[in-house]
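For reference, the structure discussed in these notes is given below.
The values are calculated or read from the model by the stated rules, or taken from the named source; none is laboratory data. What you are looking at is a predicted structure, and each value in this text was computed from that prediction instead of being measured. Cβ atoms come from the backbone with ideal geometry, glycine included; neighbour counts cover every protein chain shown.
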Amino acid sequence: MREGEKSRLIAWDRELRAVHDRLRDALSVTRQAVADGVPAEPATRDLLLFCHGFCAALTAHHEGEDRDLFPAIAERYPALRETLRHLRQDHSMIAHLLGGLQAAVARAAPPEELDRHLEGLAAIMESHFGYEERQLLTVLRTLAMDADPDVVLGPL
């Protein structure tokens, strides 16, 4: 195993924080695109691009956690299974909110409606990330998992 790979295996807490920070930044850029309110057609294309990128990144992050990270944690720390169940429920709720946002963007909803979607998404996303970090960062510091962080947590 190369040294870089070994470092990634023992730094899951840092990887998770970095992905969360990047997703927070992507949401901020998307919200700014709505707030800028550039005339309809180019703005719609830009917003579709921001939304697609943000939505795809957040979805990939949660799918990777559900598929790879959470089962590894549950195996090593069975007492956290209820916490992981709550986090998966959040993932489902966030996916539903992302679907609403994508539908609103696709039909060129007014900026006020788009902002409401983004504000709701920001609130649940921040609550989810905070809870996940409080519950899992200590565990992640000790988690040894032979996997690529970009696959498990989404690309940085």
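A quick yes/no check of all residues on (1) within 18 Å of ARG24 (Cβ to Cβ); (2) exposed (fewer than 15 other Cβ atoms within 10 Å of the Cβ):
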residue	(1), (2)
LEU58	yes, no
ASP66	no, no
TYR77	no, no
THR83	no, no
ARG107	no, yes
GLU126	yes, yes
LEU136	yes, no
ASP148	no, yes
LEU153	yes, no
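The single condition among (1) part of a helix (DSSP H, G or I); (2) more than 23 Å from ARG31 (Cβ to Cβ) that ASP90 does not satisfy is (2).
What about HIS86, is it closer than 18 Å to ARG22 by Cβ and touching a residue at least 24 places away in the same chain (Cβ under 8 Å)? No: the conditions fail for HIS86.
Give the residue, chosen from ALA43, ALA35, ALA26, that is of a type in the set (A, V, I, L, M, F, W, C), farther than 30 Å from ASP148 by Cα, surrounded by 14 or more Cβ atoms within 10 Å (Cβ to Cβ) and at pLDDT below 90.
Exactly one residue qualifies, and that residue is ALA43.
Residue check: is ALA95 in contact with a Lys or Arg (Cβ under 9 Å, 6 or more places away or on another chain) and among the aliphatic types (A, V, I, L, M)? So ALA95 does not fit the description; no. Remark: pairs (first residue in the stretch 95-111, over 24 Å from ALA60 (Cβ atoms); second residue part of a helix (DSSP H, G or I) and modelled with pLDDT under 90; Cβ separation under 6 Å; 6+ apart in sequence or on different chains) = ALA108/THR44; PRO111/VAL34. When the stretch 109-124 is filtered for residues that are outside any helix (DSSP H, G or I) and surrounded by 14 or more Cβ atoms within 10 Å (Cβ to Cβ), only ALA109 remains. Scanning the stretch 140-156 for residues that are in a helix (DSSP H, G or I), in contact (Cβ under 8 Å) with a residue 24 or more places away in the chain and under 16 Å from ASP66 (Cα atoms) turns up LEU140, PRO149, VAL151, VAL152, LEU153.
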